[in-house]
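**Q** There's a structure below that I have some questions on.
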Amino acid sequence: MIYVIQTALELGFMYALVAMALFLSYRILDIADLTTDSGFVLGAAVSVTVAAAGHPFLAILAAMAAGSCAGFVTAFLQTRLGVPSILAGIVTNTGLYTVNLMVMGWSSNVSLLKQSTLFTMMKETGIGGAWYKLILAAGITILAGLFLVWFLGTRIGLSIRATGDNADMVRASSVNPVFTITIGLCISNALTALSGAVVGQYQKSADINGGTGIVVIGLACLIIGETLIGRRSMGRNVIAAIVGSIVYRFIYAVILKTGIVPIECLKLVTAIVVALAIAG
């Protein structure tokens, strides 16, 4: 039972980064960014590939940079070429499938055998004992959350928040909404890639289909957290994303353990929950 709780907490913190990313794109910018699925795989692919070359720390930075590039492409399609936001995400998502295969050496999956990862390095320090994975995952997510709260309080961050509320008002205030949307989507996709990067090193593998349904799961986590915590401040929103992700992983673990719902039906249940929550 302790192992189940520990694993749920570890995965909850790691996937909370996706919920944060969707909070920024969906809640703040009011953009349905469908780059998320392939962006998650991109982060995992880059992270595992670079870590396999012996650079686990650099792997995280490289994955976030790759995710930012994916966000930039989506923003460029939307703001410069006039492609609707949903279609822009779909186009980028589709193109990233080939990019992800390319990163993984044209293989559908890539793995880390005996190479070092952030988690093995953390284990070698002896910090946290058997809970070292949770400490590392929680540390990364909390730092990312603190950065997001700080950033959204800066001048650029406030401009991004204003863009989501009223782009015309922002434009009238001599702030270019093209710039704010681009920055917002770059950071959002960097967070998604960071989640994929950490999960990739955690599982010591990356799979081309590993991001299927991530956007729906991320929305489910975000909505669960907002229902439990509320949305009164930026800090509270970030906490909601983390709490929602952890709760979702606990629900997932309970379903796996008890078999209340067949595991094959879990994503259908998740989709229904998200649909009902958004409709409500």
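The values are calculated or read from the model by the stated rules, or taken from the named source; none is laboratory data. These numbers come from a predicted model, not from an experiment. Glycine also receives a Cβ, built like all others from the backbone with ideal geometry; neighbour counts cover every protein chain displayed. To get the accessible areas, we keep the full protein, side chains included, count just its heavy atoms, and leave off ligands, DNA and RNA. Shrake-Rupley method; radii C 1.70, N 1.55, O 1.52, S 1.80 Å.
**Q** Would you check if residue 257 is open to solvent by 70 Å² or more (accessible area, probe 1.4 Å), under 22 Å from residue 37 (Cβ atoms) and among the basic types (Lys, Arg)?
**A** When the stated conditions are applied, residue 257 does not pass them.
**Q** Kindly provide the set of residues from the range 128-148 that are surrounded by fewer than 17 Cβ atoms within 10 Å (Cβ to Cβ) and either of a type in the set (A, V, I, L, M) or modelled with pLDDT of 95 or more (or both), ordered by number.
**A** 130, 135, 139, 142, 143, 146, 147
**Q** What are the pairs with Cβ atoms under 6 angstrom where one residue, in the range 121-133, is farther than 17 Å from residue 55 by Cα and outside any loop (DSSP other than H, G, I, E, B) and the other, located anywhere, is open to solvent by 80 Å² or more (accessible area, probe 1.4 Å) and of a type in the set (Lys, Arg)? Sequence gap at least six, or different chains.
**A** Filtered contacts from the range 121-133: 132/123.
**Q** Then there's this: Give just the number: which of (1) surrounded by fewer than 24 Cβ atoms within 10 Å (Cβ to Cβ); (2) touching a residue at least 12 places away in the same chain (Cβ under 8 Å); (3) part of a helix (DSSP H, G or I) does residue 87 not satisfy?
**A** (2)
**Q** Answer yes if at least one residue in the range 270-280 is open to solvent by 10 Å² or more (accessible area, probe 1.4 Å), outside any helix (DSSP H, G or I), modelled with pLDDT under 90 and within 19 Å of residue 27 (Cα to Cα), and no otherwise.
**A** yes
**Q** Provide a single number: the residues in the range 134-166 that are in contact (Cβ under 8 Å) with a residue 12 or more places away in the chain and more than 18 Å from residue 21 (Cα to Cα).
**A** Looking only at that region, the number is 3.
**Q** So, one more: Within the group 34, 9, 17, 42, which residue is assigned to a helix (DSSP H, G or I), touching a helix residue (DSSP H, G or I) at 6+ places or on another chain (Cβ under 8 Å), surrounded by fewer than 24 Cβ atoms within 10 Å (Cβ to Cβ) and touching a residue at least 40 places away in the same chain (Cβ under 8 Å)?
**A** Within the list 34, 9, 17, 42, the selection yields 9.
**Q** Please go through (1) part of a helix (DSSP H, G or I); (2) surrounded by 20 or more Cβ atoms within 10 Å (Cβ to Cβ); (3) under 16 Å from the mean Cα position of the chain (by Cα); (4) not hydroxyl-bearing (Ser, Thr, Tyr) for residue 51 and return the number of the only condition it doesn't satisfy.
**A** Tallying (1) part of a helix (DSSP H, G or I); (2) surrounded by 20 or more Cβ atoms within 10 Å (Cβ to Cβ); (3) under 16 Å from the mean Cα position of the chain (by Cα); (4) not hydroxyl-bearing (Ser, Thr, Tyr), residue 51 fails exactly one: (3).
**Q** Moving on to the next point. Here's a check for you: in the range 167-188, which residue that is outside any loop (DSSP other than H, G, I, E, B) and of a type in the set (S, T, N, Q) is surrounded by the fewest Cβ atoms within 10 Å (Cβ to Cβ)?
**A** Step one: list which residues in the range 167-188 are outside any loop (DSSP other than H, G, I, E, B), which gives 167-172, 177-188.
Imposing the further condition that a residue be of a type in the set (S, T, N, Q) reduces the set to 180, 182, 188.
Values: 180: 24, 182: 20, 188: 32.
The selected residue is 182.
**Q** Let me ask you something else. Given the criteria outside any helix (DSSP H, G or I) and at pLDDT 90 or above, does residue 209 qualify? Give the steps one after another, and end with the answer.
**A** Details: outside any helix (DSSP H, G or I): yes; at pLDDT 90 or above: yes.
Against the criterion (outside any helix (DSSP H, G or I) and at pLDDT 90 or above), residue 209 qualifies.
**Q** Is it fair to say residue 22 is buried (at least 20 other Cβ atoms within 10 Å of the Cβ) and either on the phi > 0 side of the Ramachandran plot or touching an Asp or Glu at 6+ places or on another chain (Cβ under 9 Å) (or both)?
**A** In short, yes.
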